[in-house]
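The values are calculated or read from the model by the stated rules, or taken from the named source; none is laboratory data. Predicted model only: the values in this text are computed from it and were never measured. Quick reminder, even Gly has a Cβ in these numbers, built from the backbone with ideal geometry, and neighbours come from all protein chains shown. SASA here: full protein model, heavy atoms, side chains in, ligands and nucleic acids out. Shrake-Rupley method; radii C 1.70, N 1.55, O 1.52, S 1.80 Å.
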Amino acid sequence: MKNTCKYIYAIIGFALGTALFGCVIAAASSVTAMPSNDRVYVNGQEINAQVYKIDGANYFKLRDIADAVDFSVAYDGRQQRVLIDPSKPYDPNEQPYIAPYVLQKDDGAPANAFKDMALMGMYNNGVDGSVTMNLADTGVPAKTGDSSMKFTYTPSKDARHWSGIAMLWGSQDWKGKGPSLKGYGKLTFWVCGHGGTVKFFIEGDGSAQKSTIVTVGEEWQKVTIEVGNWEYINIPFGWACNEQNPSADGATITFWVDGLQFE
């Protein structure tokens, strides 16, 4: 099958999405889909495809046609669309597609429901000049797109000092539940920089936290934080730096974050 388009996106409703994976339902109470005895041939060969009649017209399960013609088809239930890829063969076990939930836009503007990048820390909730940020920095080649988020932590002489940021769903809404992220198993992003280590974290179910410690380097490295079975996530991304961390050695830490999304 020859097609110059690698992907064809068909934006459809839930009814067709359900039919795609094995069921046929009526789009409205007044419409009925009835199995038909009509037969289907591809290149002169009959194929095993169930035909349905709706108002006198023939309808088919897209998977039956994909199997016969040999192209990939998947259903993205979150965005209610069918994904057809003529460059890939048909896979009867292909799983439903879930598009990544993007937290960071390339221009630094809030993506999806993200509204605020709040300061936090030991003094005045971090409003002490120890943290600076640029959400659309072009100082280093971005991992994705044209820009990345740049953060700098400058430690205090007080050994107890720490600072960081927390991404919030609403302005200063620290316990906001945000949108449903059911079906997503992990937060992934890329980080590079210099100066020491950074604790990255997410929070869910009110106060539970999952985190990872990353020693930032000059090359981009991918970071993954597993979500688990939380009912909701109230802080989808955050980081903290602490002068007491021996690998930081009291130095200023500068790092960039890019490609921030739930998968």
When residues of region 60-105 are limited to those that are among the basic types (Lys, Arg) and in contact (Cβ under 8 Å) with a residue 60 or more places away in the chain, the one least open to solvent (accessible area, probe 1.4 Å): ARG81
Region 194-213 residues that are touching a residue at least 40 places away in the same chain (Cβ under 8 Å) and within 13 Å of ILE165 (Cβ to Cβ), paired with ones that are open to solvent by less than 70 Å² (accessible area, probe 1.4 Å) and in a strand (DSSP E or B) (beta carbon under 7 Å, 6 or more apart): VAL198/VAL214; VAL198/TRP239; VAL198/CYS241; VAL198/ILE253; VAL198/PHE255; LYS199/SER211; LYS199/TRP239; LYS199/ALA240
Strands (runs of 3 or more DSSP E) lying entirely in region 176-233 (those with 1 or more residues that are closer than 17 Å to THR152 by Cα): 186-194, 197-204, 208-215
Residue match in region 123-143 (condition: assigned to a helix (DSSP H, G or I) and crowded, with 17+ Cβ neighbours inside 10 Å): yes
Region 144-163 - residue that is modelled with pLDDT of 90 or more and not in a loop (DSSP other than H, G, I, E, B) and, of those, surrounded by the most Cβ atoms within 10 Å (Cβ to Cβ): SER148
Any hit, region 164-175, residues being out of contact with any Ser or Thr (no Cβ under 9 Å at 6 or more places or on another chain), of a type in the set (Asp, Glu), open to solvent by 10 Å² or more (accessible area, probe 1.4 Å) and more than 19 Å from LEU103 (Cα to Cα): no
Single unsatisfied condition, GLY204 versus (1) in contact with a strand residue (DSSP E or B) (Cβ under 7 Å, 6 or more places away or on another chain); (2) open to solvent by 10 Å² or more (accessible area, probe 1.4 Å); (3) among the small types (Gly, Ala, Ser): (2)
